[in-house]
Amino acid sequence: MVVLIDPQVSGLAGNMFIGAFVDLGADKNKIKKVILNYAQEFGDININIEKKAKSGVMTTYANIETQDNSARHFPEIINKLESITNEKYSEDETVIKSIELAKKIFKTLAEAESKVHGKSLEELHFHEVGCADAVADIVGSSYAYHLLNFDKEKIISLPVATGNGCVNTQHGILPVPAPAVINILENVPTIGGEENTELATPTGCAILVNITDEFTTSSPLLKNKVIGYGSGKKDLKTLNALRIIRSDETSDENIISVLETNIDTLSGEILGNLYDKLLNEGARDICITPTMMKKNRPGHIVKVICKKDKEDHLVNILMEETGTLGVRILPHIHRGVATRQNIIHSIDIHGNTEQIRFKIGELDGKIIKSTAEYDDLKEIALKTGIPIKDLKEYVEADYKRKLSCDFNE
């Protein structure tokens, strides 16, 4: 299973995560109880989780209203969370895991605010971090996340819409996205979005970066999707609801990337070495094509096909080995892929039984391609003196005869 978080229109906030998780099936009564047991230690709180239409789309809205008792320092919050857990949930593994995640989220939020104000965690007063609202959002989101067992799934996020304009804070009027949001989303793809208001809150961003495994700029291939919407408080011209999609695993085996760069300064020997090294380091296929470059210089286009998890490694190799200053990365998806397998075919050649590897391609149960492995043919050709082209024809014809016999039986 894979979970896709889509904040590219709505942005995100803590209560939007809670709403979306409930919309996907998390038990709202259990969530409300846990939130109350923690947040009421920090202030007065009222929670109502209900269905609500936003821009014609039915969503789940977690309406959390709080009145904070007092602002607290980061260490106080962590100690209080641990104290409540030991007192009320010492045997509840789901809550224990949720509070461990909540502490990481609080730390992310605290570090971002600390960086903004230039103070250590111990000396900085966190108005946002210390309020009951933040406790409710973070503990509630963490608990709902674990109720759905999303900690066992791969979490992917699309770019975050942060909003535009300015926001009024306790420290004055600040630009959107707020400084703490910028710090938290430092390595996350972001866009402004369509609204002239704040769309991404520091709490929502801190939750996102602590549960997400991978950030991407486009949706992966998904199937059998279940969608949850968690709405925000504001009524906007765009859909103000965080969309989270749970689906079956993406077909990773069918997804490839193509790396491409132009080179005009390397000899054939160096290109040959590059070819071998890229294959050894995980490239699925390589194509080097002669071309004419600017100022009429002859050059080559090096194109590498690889799995997504090999992208960065192979890009580094291309740049180190060639000196190129840039590599294009083009995501591709195989939409029709034959089933592939490697088999061993035994054949008698000059009285000796030889083992030859075959690459087999099947489509809808029919073999559409069967090719003998070149390295095996080369070895046998050297040993027997048979020309490799004749050996290839003989071996592949023998394999097809065997297939025909098996079929007739």
Condition set among the hydrophobic types (A, V, I, L, M, F, W, C) and in contact with a Lys or Arg (Cβ under 9 Å, 6 or more places away or on another chain), scope the stretch 35-56, selection farthest from Lys103 (Cα to Cα): answer is Ile49
Cβ pairs under 7 Å, 6+ apart or interchain, first in the stretch 281-299 and at positive phi, second assigned to a strand (DSSP E or B), ordered by first then second residue, are Gly282/Cys306
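For residues in the stretch 50-67 being small (Gly, Ala, Ser) and free of Cβ contacts under 8 Å to residues at least 60 places away in the same chain, which is surrounded by the most Cβ atoms within 10 Å (Cβ to Cβ)?
The qualifying residue surrounded by the most Cβ atoms within 10 Å (Cβ to Cβ) is Ala53.
Here's a check for you: in the stretch 97-111, which residue that is over 23 Å from the mean Cα position of the chain (by Cα) and farther than 13 Å from Tyr145 by Cα is surrounded by the most Cβ atoms within 10 Å (Cβ to Cβ)?
Of the residues in the stretch 97-111, the ones over 23 Å from the mean Cα position of the chain (by Cα) are 99, 110-111.
Okay, now just the ones that are also farther than 13 Å from Tyr145 by Cα, so 110-111.
Numbers: Ala110: 23, Glu111: 16.
Of everything passing the filter in the stretch 97-111, Ala110 is surrounded by the most Cβ atoms within 10 Å (Cβ to Cβ).
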Condition first: of a type in the set (A, V, I, L, M), assigned by TED's automatic domain parsing to the domain that holds Val9 and assigned to a strand (DSSP E or B). Can you find one or more residues in the stretch 263-285 that meet it? no
Note on the stretch 336-374: residues farther than 18 Å from Ser404 by Cβ, within 38 Å of the chain's Cα centre (by Cα) and not in a strand (DSSP E or B) are Gly336, Val337, Ala338, Asp364, Glu373, Tyr374
Taking the stretch 191-204 and keeping only residues that are closer than 16 Å to Val9 by Cβ, out of contact with any Pro (no Cβ under 6 Å at 6 or more places or on another chain) and not small (Gly, Ala, Ser), one is left with Glu194, Glu195, Asn196, Thr197, Glu198, Leu199, Thr201
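Would you check if Leu242 is modelled with pLDDT of 90 or more, in the same structural domain as Val181 (by TED's automatic domain parsing) and either part of a strand (DSSP E or B) or under 16 Å from Leu24 (Cβ atoms) (or both)?
Working: modelled with pLDDT of 90 or more: yes; in the same structural domain as Val181 (by TED's automatic domain parsing): yes; either part of a strand (DSSP E or B) or under 16 Å from Leu24 (Cβ atoms) (or both): yes.
When the stated conditions are applied, Leu242 passes them.
How about the stretch 190-201: which of its residues are more than 30 Å from Glu93 (Cα to Cα) and more than 17 Å from the chain's Cα centre (by Cα)?
Filtering the stretch 190-201 down to residues more than 30 Å from Glu93 (Cα to Cα) leaves 190-200.
If the condition is that a residue be more than 30 Å from Glu93 (Cα to Cα) and more than 17 Å from the chain's Cα centre (by Cα), then Ile191, Gly192, Gly193, Glu194, Glu195, Asn196, Thr197, Glu198, Leu199, Ala200 are the ones that fit.
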Flagged in the stretch 73-114 as in contact with a Lys or Arg (Cβ under 8 Å, 6 or more places away or on another chain) and within 20 Å of Ala180 (Cα to Cα), in numbering order, are Phe74, Ile78
Filtering the stretch 9-49 down to residues that are of a type in the set (S, T, N, Q) and crowded, with 20+ Cβ neighbours inside 10 Å yields Ser10, Asn15
Screening Leu242, Leu266 for residues that are in contact with a Pro (Cβ under 7 Å, 6 or more places away or on another chain) and touching a residue at least 40 places away in the same chain (Cβ under 8 Å) leaves only Leu242
If we ask which residues in the stretch 143-189 are within 19 Å of the chain's Cα centre (by Cα), surrounded by 14 or more Cβ atoms within 10 Å (Cβ to Cβ) and within 26 Å of Val34 (Cβ to Cβ), their number turns out to be 10
Going through the stretch 258-317 in order, the residues found to be farther than 28 Å from Phe215 by Cβ and polar (S, T, N, Q) are Asn262, Thr265, Ser267, Asn273, Asn280, Thr289, Thr291, Asn296
Checked the stretch 68-81 for anything farther than 22 Å from Asp27 by Cα and either hydrophobic (A, V, I, L, M, F, W, C) or surrounded by fewer than 14 Cβ atoms within 10 Å (Cβ to Cβ) (or both); matches are Ser70, Ala71, Phe74, Pro75, Ile77, Ile78, Asn79
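Scan Ile31, Ile45, Ile18, Ile35 and give me the residue that is in a strand (DSSP E or B) and not basic (Lys, Arg). Lay out the reasoning, then the answer.
Numbers: Ile31 fails: in a strand (DSSP E or B); Ile18 fails: in a strand (DSSP E or B); Ile35 fails: in a strand (DSSP E or B).
Result of the check over Ile31, Ile45, Ile18, Ile35: Ile45.
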Flag if Ser231 is small (Gly, Ala, Ser), within 13 Å of the chain's Cα centre (by Cα) and either farther than 29 Å from Lys119 by Cβ or modelled with pLDDT of 95 or more (or both) | no
Within the stretch 157-171, restricting to residues that are at pLDDT below 95 and not in a loop (DSSP other than H, G, I, E, B), the one that is nearest to Val209 (Cα to Cα) is Gly163
Expected output for the stretch 68-86 (first residue of a type in the set (Asp, Glu), partner in a loop (DSSP other than H, G, I, E, B), Cβ below 7 Å, 6+ apart or cross-chain) is Asp68/Phe42; Asp68/Cys131
Notebook entry, point to check: Somewhere in the stretch 172-183, is a residue part of a helix (DSSP H, G or I), under 17 Å from Lys234 (Cβ atoms) and either modelled with pLDDT under 95 or of a type in the set (Asp, Glu) (or both)?
Noted result: yes
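The values are calculated or read from the model by the stated rules, or taken from the named source; none is laboratory data. No experiment lies behind these values; they were computed from the predicted model shown. Ideal geometry is used to build each Cβ from the backbone, glycine not excepted, and the neighbour counts take in all protein chains shown.
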